[in-house]
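Q: Please see the structure below; I have some questions.
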Amino acid sequence: MSLIFTLARRNLFHDRLRFIATLVGIVFSMVLVTVQMGLYLGFGHMVTTMIDHANADLWIMPVGTKCFEDPSVLDEQKRFRALSVNGVADATPVVIGFAQWKMPLGGTTPVFIIGSHIRSGALLPWNLVEGSVNSLEVPGAVAIDRSYFDRLGISGFGASAEIRDQRVEVRALTRGIRSFTTTPYVFAPLDRARAYIGMAPNKITYILVRIAPYADVEAVRSRLKDNISNVEVLTAAEFRDRSRSFWLFGTGAGAALFAGALLGVIVGTVIVAQTLYSSTKDHLNEFATLRAIGSSGRYIHKVIIWQALLSAVIGFCIAAGIGFFIVKRTAETALPIMMTPQLTLGLFVLTVIMCVLSAVGAIAKVMRIDPAMVFTR
């Protein structure tokens, strides 16, 4: 095995320019796939970030709600009906909606309001870097993410602005709570959120239900459906899946990301296949010599496969380094690229498969060599 590896390594590194071309093809394709799949994961995470951080076992929502950002309304009376159901420990109202943020120096920009009871703990800002959740109880206080200072035209903590002709003051700052639509999230107490959105005092968007420790989720959900009409009752996992399906597939965003990743694989495979084939063709005499002295086809197969594996490992390491650099640089952007251990492993396997498949053409060419050609030179 060591002899096969040594032969493959020397054969691969003999023409360094061609070897660099092979690595460029692998790195290009894998960086493209990494970015596309990382964007897919990042997008999928961002569209459900509010659902992921909500303290709720069940979500009660208007029929036909497609995703969290769908601002339909419910009558708040349904909340009291939910509280009367056996097994419900708490039912917290949440309101969402769009509003216009008036900047201190003039101009407006749209914002997405999220309101709930501050002391309920159902859906409140997290990753606080300045201020506290309790500070939102101060009249006019709101929480925003620090990455939106320029977008909102403010300088930082304590800055003032207006929403719907009402003065607001930034009393809490978060880190990393960003909207995939780039519209800034603004957290506020329930009643003030209604006023900012222009929603009637008896209307809400969601009811976040926490069940009692002894209760069964499915049993409670069944009772809620029986007790409240014209609503849907979903678990957090079901609502998360629905939101992701809507944004990733219902809007075509997921198809575009997958198409980009597929294009990277195709382009990379073609480049690597062509390079490995050319490299093998340039060394036909050497392979013919191996066959003439009695080397088996299996032996030659292993040499070429090892060349492909070496190319895959070196190319993947370079691509992974570039990918992690990109991940770090986009961590604070509106749409971060995510990398997980599972994705990294999957990309490595994909790189190996791509390179091994690319070697098939080279193997076929070598196996058609007539060993007698070595004696004609």
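This table checks each residue for (1) open to solvent by less than 10 Å² (accessible area, probe 1.4 Å); (2) closer than 30 Å to E137 by Cβ; (3) not in a helix (DSSP H, G or I).
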| residue | (1), (2), (3) |
| --- | --- |
| L23 | no, no, no |
| I26 | yes, no, no |
| V33 | yes, no, no |
| M50 | yes, yes, no |
| A56 | no, yes, yes |
| K66 | no, no, yes |
| A89 | no, yes, yes |
| F112 | yes, yes, yes |
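Q: Of all residues in region 170-182, which are touching a strand residue (DSSP E or B) at 6+ places or on another chain (Cβ under 7 Å) and surrounded by 17 or more Cβ atoms within 10 Å (Cβ to Cβ)?
A: V170, R171, A172, L173, T174, I177, R178, S179
Q: Here are some conditions: (1) more than 22 Å from R194 (Cβ to Cβ); (2) open to solvent by less than 70 Å² (accessible area, probe 1.4 Å). V133 meets all but one. Which one does it not meet?
A: So the condition that V133 fails would be (1).
Q: In addition: Of the residues F98, F80, only one is of a type in the set (F, W, Y), out of contact with any Gly (no Cβ under 8 Å at 6 or more places or on another chain) and part of a helix (DSSP H, G or I); which?
A: F80
The values are calculated or read from the model by the stated rules, or taken from the named source; none is laboratory data. For clarity, every value in this text was computed on a predicted model and none was experimentally measured. When we count neighbours, we look across all protein chains shown, and the Cβ atoms used for this are built from the backbone with ideal geometry, even at glycine. Accessible surface areas use protein heavy atoms only, side chains included; no ligands, DNA or RNA. Shrake-Rupley method; radii C 1.70, N 1.55, O 1.52, S 1.80 Å.
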